[in-house]
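Participant: Below you will find the structure I want to go over with you.
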Amino acid sequence: MTDDDDVKSDGDSSRLPDWVFPPPEGFIAADLDRIPDAPTHTELIDGSLVFRSPQTCIHMRTVSLLTEGLHRQIPRDLRVRRDMSVILGLRQRPEPDVSVIRAQAERGPDQTSYEAEDVLLVVEVVSPDSEERDRKRKPQLYAEADIPNFWRVENNSGRPTVYVYELDPATKAYALTGIHHDRLKLSLPFEIDIDLTEIDAL
């Protein structure tokens, strides 16, 4: 086998691996478990592969702050997970930065995704490369999949600002219920109290 057997060329010097090119019927959610060389944290949005850029320090600190804060307060029948994909439909498999799932959704150590029906909360920490997806497309997809709670987190001069949304089941759209700068204190999906200024110590 030559190098030309496993790559395709556009006629110039750029060369891409075979798996980047979708099959005739397009990519589906299950394909992410079958692509051997896909980069870590590859998502499927509207049938297209989406690759994550290197994450900034503030992004990772924000994810850690929220994950640890949720862990400290979560009920025993729920679990907090970070960077696990959620199957929303045949061609939709995003990977939220943080999610809260039902404990019974855990199927084993080799599990790579969760079903939307098992997810109570998804959190997206906005990065420069993901602004359009995190602010527009992903909320639409999560709402259409009936995930009841969505948080969008923006970097505000080195500190997180959390925009909290709740699903309106009649319209299958999210309604903004609060904007939180210093303290995130909520009663849904469970009692939550996180000091957002603690990010300074991380």
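The values are calculated or read from the model by the stated rules, or taken from the named source; none is laboratory data. Quick caveat: nothing in here was measured; it's all calculated off a predicted structure. Heads up, the Cβs are rebuilt from the backbone with ideal geometry, glycines too, and the neighbour counts pull from every protein chain shown.
Participant: Only one residue in 126, 86, 100 is under 21 Å from residue 159 (Cβ atoms) and either out of contact with any Gly (no Cβ under 6 Å at 6 or more places or on another chain) or not β-branched (Val, Ile, Thr) (or both). Which one?
Facilitator: Values: 86 fails: under 21 Å from residue 159 (Cβ atoms); 100 fails: under 21 Å from residue 159 (Cβ atoms).
Going through 126, 86, 100 in turn, just one is under 21 Å from residue 159 (Cβ atoms) and either out of contact with any Gly (no Cβ under 6 Å at 6 or more places or on another chain) or not β-branched (Val, Ile, Thr) (or both): 126.
Participant: Within segment 15-51, track down each residue that is of a type in the set (Asp, Glu) and not in a strand (DSSP E or B).
Facilitator: To start, the set of residues in segment 15-51 that are of a type in the set (Asp, Glu) comprises 18, 25, 31, 33, 37, 43, 46.
Result: 18, 25, 31, 33, 37, 46.
Participant: Taking segment 55-69 as the region of interest, how many residues are among the hydrophobic types (A, V, I, L, M, F, W, C) and either surrounded by fewer than 16 Cβ atoms within 10 Å (Cβ to Cβ) or assigned to a loop (DSSP other than H, G, I, E, B) (or both)? Break it down stepwise before answering.
Facilitator: Initially, segment 55-69 is screened for residues among the hydrophobic types (A, V, I, L, M, F, W, C), giving 57-58, 60, 63, 65-66.
Still in the list and also either surrounded by fewer than 16 Cβ atoms within 10 Å (Cβ to Cβ) or assigned to a loop (DSSP other than H, G, I, E, B) (or both): 57, 60.
Result for segment 55-69: 2.
Participant: May I pose another question? List the number of the failed condition for residue 48; all other conditions in (1) modelled with pLDDT of 90 or more; (2) over 20 Å from residue 123 (Cα atoms); (3) in contact with a Leu (Cβ under 9 Å, 6 or more places away or on another chain) hold.
Facilitator: Checking residue 48 against (1) modelled with pLDDT of 90 or more; (2) over 20 Å from residue 123 (Cα atoms); (3) in contact with a Leu (Cβ under 9 Å, 6 or more places away or on another chain), the one that fails is (3).
Participant: When residue 140 is evaluated against the numbered criteria (1) out of contact with any His (no Cβ under 6 Å at 6 or more places or on another chain); (2) surrounded by 18 or more Cβ atoms within 10 Å (Cβ to Cβ), which criterion, by number, is the only one it fails?
Facilitator: (2) is the only condition that residue 140 fails.
Per-residue answers, yes or no, for (1) assigned by TED's automatic domain parsing to the domain that holds residue 126; (2) under 26 Å from residue 145 (Cα atoms); (3) within 21 Å of the chain's Cα centre (by Cα); (4) modelled with pLDDT under 95:
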| site | (1), (2), (3), (4) |
| --- | --- |
| 25 | no, yes, no, yes |
| 61 | yes, no, yes, no |
| 76 | yes, yes, no, no |
| 88 | yes, yes, yes, no |
| 93 | yes, yes, yes, no |
| 101 | yes, yes, yes, no |
